[in-house]
1. What ranking of Phe84, Phe66 emerges when the number of other C-beta atoms within 10 Å of each C-beta is taken as an exposure proxy, fewest first?
2. Can you give me the long-range amide H partners of Asp121? Hydrogens built in the peptide plane at 1.01 Å from N, cutoff under 5 Å, separation of 5 or more residues or another chain.
3. For Glu96, what charge total do you get from the other residues with a beta carbon under 12 Å from its beta carbon, if Lys and Arg give +1 and Asp and Glu give -1?
4. Quick one: what are the phi-derived ³J(HN,Hα) couplings along the range 86-97, Karplus 6.51/-1.76/1.60 with θ = phi - 60°, whole Hz, x for glycine and proline?
5. Could you please rank Thr56, Thr146, Thr141, Thr2, placing first whichever residue has the fewest other Cβ atoms within 10 Å of its Cβ?
6. Pull up all non-local amide H partners of Asn105: gap of 5 or more, or a different chain, and H-to-H distance under 5 Å with H placed in the peptide plane.
Amino acid sequence: MTIAKRSGIIAGTAVSAFLIAIIAWFSYPSPGEVSTAIGHEVREKRASAVNLADLTKFSWDEMLSFGSYQRREKICPALGLFGFRCWWVVPSMVDENYYFVVFRNKSSIVHYEHHRRLNGDFYHSGQPQPLPNNDAAFLVTQSDTTAAGEPWFSLKYKSLNSNLPLNSDVRKSSARRSATR
């Protein structure tokens, strides 16, 4: 084999590896800013409750979440998305380690992202769909550990508008937010 041919094979292999790495990077979801903020509250601050309205930097009035294995064909009609917009916004299927969350304001999508379940699992949270901004509170409990020994946190929906007991920090936060709006 000649040096030129060997160099061509090496260059072709390097380019192929680079393209595969780029495709893998963009095809595997990464947690969004809200998911990261939830993870910070849950994992680092060890919060006993989180209020999603306090963790967002944009205006929204409702959130919808779609769990693992939900397919685009089911999500898009629920969001009123069709054609190219559906294909562009919604993943073909939600990865098993994530939720796909969508924030809307006056029925228009203002933010969407992947929420990493390791940052707090909404599974069986009992939250309404859609979840209103003024009632977006969750109690945090450590429900298990991962195979790697990391704590697994569950987010249990807890209405701020009910008379049921709730962590006072979440109620105070909601009251402060309502007073400033």
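1. Ranking Phe84, Phe66 by Cβ neighbours within 10 Å, fewest first, gives Phe84, Phe66.
2. Amide H to amide H, under 5 Å and 5 or more residues apart or across chains, Asp121 pairs with Phe153, Ser154, Leu155.
3. Charge balance in the 12 Å sphere: 0.
4. These are the phi-based 3J(HN,Hα) values: 4, 4, 6, 8, 9, x, 4, 7, 6, 4, 5, 9 Hz.
5. The fewest-first ordering by Cβ neighbours comes to Thr2, Thr146, Thr141, Thr56.
6. So Asn105 has HN proximity to Asp61, Val110.
Coordinate-derived values only; no laboratory data. For clarity, every value in this text was computed on a predicted model and none was experimentally measured. Glycine gets a Cβ as well: all are built from the backbone with ideal geometry, and neighbour counts include every protein chain shown.
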